[in-house]
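Right, one structure below, let's go through it.
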Amino acid sequence: MLDSRSWTWIFFSVVPLALAAAGLLLIADRPMPARNVPRPFDWIGFSLISIALSCFTYVFSQGSRWDWFEEPRILWLSVIGTAAILAFFGQQMLAKGQGLFDFTLFGTEDFCFAFIVSFVAGAALFGSAFLIPSFAVSVLAFTPTDAGQLLLPSGALFIGALLIAAFLMQARRVPPVATVPFGILMIMGAMWMLSGSTIQSGADDMMAAILLRGAGLGFLFLSITLIAFSDLKSRNLAAGIGLFNTGRQLGGLVGVAALQTLIDHNVAHNLAVLGANVTAGAPSVAERLATSAAMLTAKGMDAAAASRGAASLLGRAAAGQSTVIAFDTAFNAVALLFVIAAPLLVGVKIGLSRLRKHV
């Protein structure tokens, strides 16, 4: 659709699916909800968190484009967002349980642990989902449709991993936390495999890693979802779902913003390093320029234009190689995220368990 239409149609394309989902929910049989004592809606808290999330969403999505705090708009939105979130937390504490969010959920060990894991996993999920199509479009010259189709087969592995994990937990009584390490290792392995991509790579070269990533996400996200909601009561289940998804989305925003910045800085750095080593007097450079100039001359260009064209082709090749190295670094960064986060998450789990015993 993007190849023949515009970005706008991407947002409209989900409308039929949303309407169909709403219709199915309306006709589905469901138990009558328990009657709870109604409480007034927290408009102040809603306004503060809306301002904070709107500011942070813009900052994280556009910060790399505008060189972060070098742009006054990004700086002021960061200040406003920080002030709004601090005011929100203060207002929620003063509300004494009548605020917008039920923060007593974080008193549950499993939910607190799953929320932290969801933040890290969100960074890996959205970060890798950003890197793979971006690499395919900007380096391999894929069309947007081809880049989307590159990720499509991993959906089958994702669903398969969900079914396998569900079977293990239901039929074999495997605890949900047991599949988390498998998901983490699969995603790490996939990102490490993708870090070896080159400008000559194709869909077949990347497919094994992409499929492995899909399977890893299936094992990881079902587990942390079940861990998060296993001990929640019906009265705070909706609040738990909202907080859990918010943590995952924020993790994704931070992950994508960090990877965008890493790529931009590495492209500039790599191009400077490669440019410093590509000197006109080097024999290999002179040979490359002469070969390119001869090729252009054979196609009908005059000698002066062919010489300029050869230099331009060499510059484009250096820029392309700089981008490849930057993306490979970003793929490795996602893998290293779990290398650093895994022991920290284990430490958090142990700390939460000990804290619960002392309370």
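The values are calculated or read from the model by the stated rules, or taken from the named source; none is laboratory data. Note that this is a predicted model, so its numbers are computed, not measured. Cβ placement follows ideal geometry from the backbone for every residue including glycine, while neighbour counts extend to all protein chains displayed. Heads up: the accessible areas ignore ligands, DNA and RNA and are worked out on the full protein's heavy atoms, side chains in. Shrake-Rupley method; radii C 1.70, N 1.55, O 1.52, S 1.80 Å.
Below, the figures for the structure above:
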read-out	value
Reachable aspartates and glutamates, given that their alpha-carbon falls under 19 Å from the alpha-carbon of residue 349 and they are not under 8 places away in the same chain	109, 110, 231
log10 of Debye I(q)/I(0), alpha-carbon scatterers only, for the range 120-181 at 0.14, 0.19 Å⁻¹	-0.56, -0.80
Highest average packing first - 227-237, 253-263, Cβ atoms within 10 Å	253-263, 227-237
Rounded accessible area of residue 55 (nearest 10 Å², 1.4 Å probe)	10 Å²
Accessible area of the range 33-182 belonging to carbon and sulfur atoms, whole % at 1.4 Å probe	72 percent
Dipole of the chain, positive end: most advanced residue of 309, 45, 117 [Cβ charges, Cα centre]	45
Residue with peak Gaussian network fluctuation, the chain [Cα springs, cutoff 10 Å], from 181, 343, 40	40
Difference of contour (0.36 nm per residue) and Cα-Cα distance, residue 317 to residue 249	20.8 nm
Filtered trypsin sites (Lys or Arg not before Pro), the range 289-347: DSSP coil and at most 10 other beta carbons within 10 Å	299
Test item: Cα-centred dipole of the range 37-140, Lys/Arg +1 and Asp/Glu -1 on Cβ, debye	200 debye
Residue 241-residue 350 FRET efficiency (beta carbon distance; Förster radius 30 Å; 0.05 resolution)	0.70
Gaussian network model of the chain, springs between alpha carbon atoms under 10 Å - residue of 158, 56, 89 with greatest fluctuation	89
Point-charge dipole on Cβ atoms (K/R +1, D/E -1) for the chain, about Cα centre, debye to 20	1060 debye
Residue among 101, 136, 64 farthest towards the positive dipole end of the range 64-161, charges placed on Cβ	101
Gaussian network model of the chain, springs between alpha carbon atoms under 10 Å - residue of 146, 42, 302 with greatest fluctuation	302
Nitroxide proxy distance, nm - points 7 Å out along Cα→Cβ at residue 231 and residue 163	3.3 nm
Solvent-accessible heavy-atom area per residue, rounded to whole Å², over the chain at 1.4 Å	58 Å²
Rounded to whole Hz, the Karplus (6.51, -1.76, 1.60) HN-Hα couplings of the range 159-172, x for glycine and proline	5, x, 5, 4, 5, 5, 4, 5, 4, 4, 6, 7, 8, 9
Where labels lie 7 Å past Cα in the beta-carbon direction, separation of residue 143 and residue 18 in nm	2.8 nm
Matching label, P(r) over Cα pairs in 10 Å bins from 0, in percent computed from the structure shown, candidates (i) 5, 17, 26, 25, 15, 7, 4, 2, 0; (ii) 5, 26, 33, 24, 10, 2, 0; (iii) 6, 27, 33, 20, 9, 4, 1	(i)
